[in-house]
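The values are calculated or read from the model by the stated rules, or taken from the named source; none is laboratory data. Note that the structure is a prediction, hence the values are computed from the model and not measured. Positions of Cβ are generated from backbone atoms using ideal geometry, with glycine treated the same way; all protein chains shown enter the neighbour counts.
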Amino acid sequence: MVGNSIPVHDVEQGSPDVRQDESTSDEKKDVSQVMPTTQSSHTTIQEGVEIPKNNLWIVIPTIGLIGFISALDQSIVSTALPTIAADFNTSPSEYSWISTSYLLSQVMVNPINGRLTDIVGRKPALYCAVMFLLVFSALCGSAKSATWLIIARAFAGVGGGSVVSLSVIVVSDVVPLHRRGAYQGYLGALWGVASTLGPILGGILTTKASWRWCFYLNIPICALALILLFFFLNLQQAPRSDIAELRRSFDFIGLFLIMAASAMIVVGFSSAADEGFDSKTAYGTIIGGVVVTALTVVHCLTTKKNAIIPARMLKTRTPLFFTFGSFLLSIMFLPATFLLPQFFQGVGGATSLKSGLYFIPFAMSLTIFSIIAGEISTRFHIVRPVIWAGFCLSALGYGLWYALLTYDVSFATQEGIQVIVSAGIGLSISLPMLVIQASMPGKDMAASTAAWTLMRSIAACIGIAIFTAVFNTGLRSRFSKIEGYGTSFVAPTSAAGYHALHDLPDGPTKTALLRAFADSMRICWLIGCAFACSALAITLCTKSYSLKRTYGAAPAATQEGENHADENGSPQAEGQPEMSQIDQAEEDRLNRQMLRVEDGLRDTGASFSVPPSRSASRVH
């Protein structure tokens, strides 16, 4: 029930790094003045708005479907690019920007989906995102020139990027926190499968039909999703805000800074992937992006408006460290889905289609373990150990890839050890978001989720650039030391180049080339192992938070004196006092103060009324 007094040590007993000092005691006294232990008085801290009723059997698959198609749209074009380039006779710059334009707009639009949808509402934003993806996918498929395709891809990226982040946010709006893990596990599985199967499907469509069907595929799916969302998705109506309110509360400076930083980082690393890290332009752009990122952090910590990245997310180690953990894991995940098929083609001589079939164990185990992770978090409220197990499995798997994926690896070994890495990624791909949401106030849920999604998108871009550069540099270096380089053979850069290696006569030269190819890629697996170990290390020193929240009325309605709701969403009994109206700045101050006291009193045995979100179950 709302307002019950729960001892803090019962909620978070055994949490590490507990400090109790004079300032903490003063804060506790101050908080006790605004948080009485009697049921008749309610804190002004609202952890979440009322969960609306939805037919989740229809809504969740629909959201998963549009999330799947937007993730697929990011990777499906990779195997179609050579054919597109030949049709349009593209320059090297145009070739690169067909992919980069989509990724750039996808990354830049992510920050908008947090704070802005808190004001305008999720449903209008989701409808616009799906419409953008539908319309500009059609324009991509009907492109008559490379410039047309690049521009259409950029606008399609606006829709696709918004769909990816809004799908996570909308699920958080319609599913209570303690049940959210299972649904996010399904979404994470779909996202992972789309990322891994995109190149395979792109190759099949390009070979059997036309590359244009890589884009036309989105049209019927988006149309069906729009119809289902219109009739079945129910969300809380956003509080009405005029232009003056938007100007007062929205952080336009922070939005500009984070979009500029994201754009510079994406463009810089994309240039490095194409030209190598020797490019002065790439270095300058990346350094500029890092500087603007630092300015963004400073701004978000000091602004008086609703920061694009909530200040608590940057100040509190649990959400901050798990965001970095997801960042490190994502750096290696998407590049692995590109590198492994190259290994199958370069070392094993597989065709593009066969390399996709060889990749099925990775995709299947990723799906299964993402679902398992979600079910464990929902049924047993165990989250952090599952993520840690995922990081450990990923580190072990990458280490085994380094040791065993040699030029003469057997087919059984090649297929079997894929499962270890994908199982680890499946366990840890979505659950960090659950920890972040549990450790943040409900009013910052959308902004913190959008920031987490942004970090994963940037990590994927950085990872592709880094590992492409590492692999290509190692390949050229090793090949140049083998007799016949430049005359009998060259470093392969396409499927035709891979086949040319296997067309060489059997002998010492061919063996040396295959060994050099495998050894160049093994360095990438070693770096991936280091990233997974780093993700594990930085998340071990975090705290556990409750998954149980009480969902009351929306903030705007609450300030007007409407009744609260219990954790099942039912109205509170009549006769209880209304929430007093307070200044927004004072509410934010009390919210931060309450959370600081809670973080500081984990093991002191203190007993006082805590926010409803901390009062039932634990995130272990």
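Quick one: would you say residue 202 is assigned to a helix (DSSP H, G or I), under 15 Å from the mean Cα position of the chain (by Cα) and either small (Gly, Ala, Ser) or crowded, with 24+ Cβ neighbours inside 10 Å (or both)?
Values: assigned to a helix (DSSP H, G or I): yes; under 15 Å from the mean Cα position of the chain (by Cα): no; either small (Gly, Ala, Ser) or crowded, with 24+ Cβ neighbours inside 10 Å (or both): yes.
No.
Quick one: in region 266-294, of everything that is at pLDDT 85 or above and either assigned by TED's automatic domain parsing to the domain that holds residue 104 or touching a helix residue (DSSP H, G or I) at 6+ places or on another chain (Cβ under 6 Å) (or both), which residue is nearest to residue 455 (Cα to Cα)?
My answer is 293.
Go through (1) closer than 30 Å to residue 191 by Cβ; (2) aliphatic (A, V, I, L, M); (3) in contact with an Asp or Glu (Cβ under 9 Å, 6 or more places away or on another chain) and name the single condition residue 440 misses.
Of the numbered conditions (1) closer than 30 Å to residue 191 by Cβ; (2) aliphatic (A, V, I, L, M); (3) in contact with an Asp or Glu (Cβ under 9 Å, 6 or more places away or on another chain), the odd one out for residue 440 is (3).
Out of everything in region 150-186 that is β-branched (Val, Ile, Thr) and within 15 Å of the chain's Cα centre (by Cα), what residue ends up being farthest from residue 375 (Cα to Cα)? Steps first, answer last, please.
The initial filter retains those residues of region 150-186 that are β-branched (Val, Ile, Thr), namely 150-151, 158, 163-164, 168-171, 174-175.
Cutting the leftovers down to within 15 Å of the chain's Cα centre (by Cα) gives us 163-164, 168-171.
Working: 163: 24, 164: 22, 168: 17, 169: 19, 170: 19, 171: 16 Å.
Among those that are β-branched (Val, Ile, Thr) and within 15 Å of the chain's Cα centre (by Cα), it is 163.
Taking region 399-421 on its own, how many of its residues are out of contact with any Lys or Arg (no Cβ under 9 Å at 6 or more places or on another chain) and in a helix (DSSP H, G or I)? Write out each step before concluding.
In the first step, residues of region 399-421 are kept if they are out of contact with any Lys or Arg (no Cβ under 9 Å at 6 or more places or on another chain); the result is 399-400, 404, 409-421.
Checking which are in a helix (DSSP H, G or I) leaves us with 399-400, 404, 411-416, 418-421.
Total meeting the criteria: 13.
Does region 340-350 contain at least one residue that is hydrophobic (A, V, I, L, M, F, W, C) and under 24 Å from residue 455 (Cα atoms)?
Kept after step one, since they are hydrophobic (A, V, I, L, M, F, W, C), are these residues of region 340-350: 340, 343-344, 347, 350.
When the remaining residues are screened for being under 24 Å from residue 455 (Cα atoms), the result is 340.
Checked against the condition, which is being hydrophobic (A, V, I, L, M, F, W, C) and under 24 Å from residue 455 (Cα atoms), region 340-350 yields at least one hit.
Given the structure, is residue 228 in contact with a Leu (Cβ under 8 Å, 6 or more places away or on another chain) and either among the hydrophobic types (A, V, I, L, M, F, W, C) or surrounded by fewer than 23 Cβ atoms within 10 Å (Cβ to Cβ) (or both)?
Details: in contact with a Leu (Cβ under 8 Å, 6 or more places away or on another chain): no; either among the hydrophobic types (A, V, I, L, M, F, W, C) or surrounded by fewer than 23 Cβ atoms within 10 Å (Cβ to Cβ) (or both): yes.
No.
Which is farther than 30 Å from residue 380 by Cβ and out of contact with any helix residue (DSSP H, G or I) (no Cβ under 7 Å at 6 or more places or on another chain), of 141, 202, 121, 161? Write out each step before concluding.
On the way: 141 fails: out of contact with any helix residue (DSSP H, G or I) (no Cβ under 7 Å at 6 or more places or on another chain); 202 fails: out of contact with any helix residue (DSSP H, G or I) (no Cβ under 7 Å at 6 or more places or on another chain); 161 fails: out of contact with any helix residue (DSSP H, G or I) (no Cβ under 7 Å at 6 or more places or on another chain).
Result: 121 is the single residue among 141, 202, 121, 161 that is farther than 30 Å from residue 380 by Cβ and out of contact with any helix residue (DSSP H, G or I) (no Cβ under 7 Å at 6 or more places or on another chain).
Go through region 292-337 and give me each residue that's over 26 Å from residue 540 (Cα atoms) and outside any helix (DSSP H, G or I).
Residues satisfying the conditions are 303, 304, 305, 306, 307, 308.
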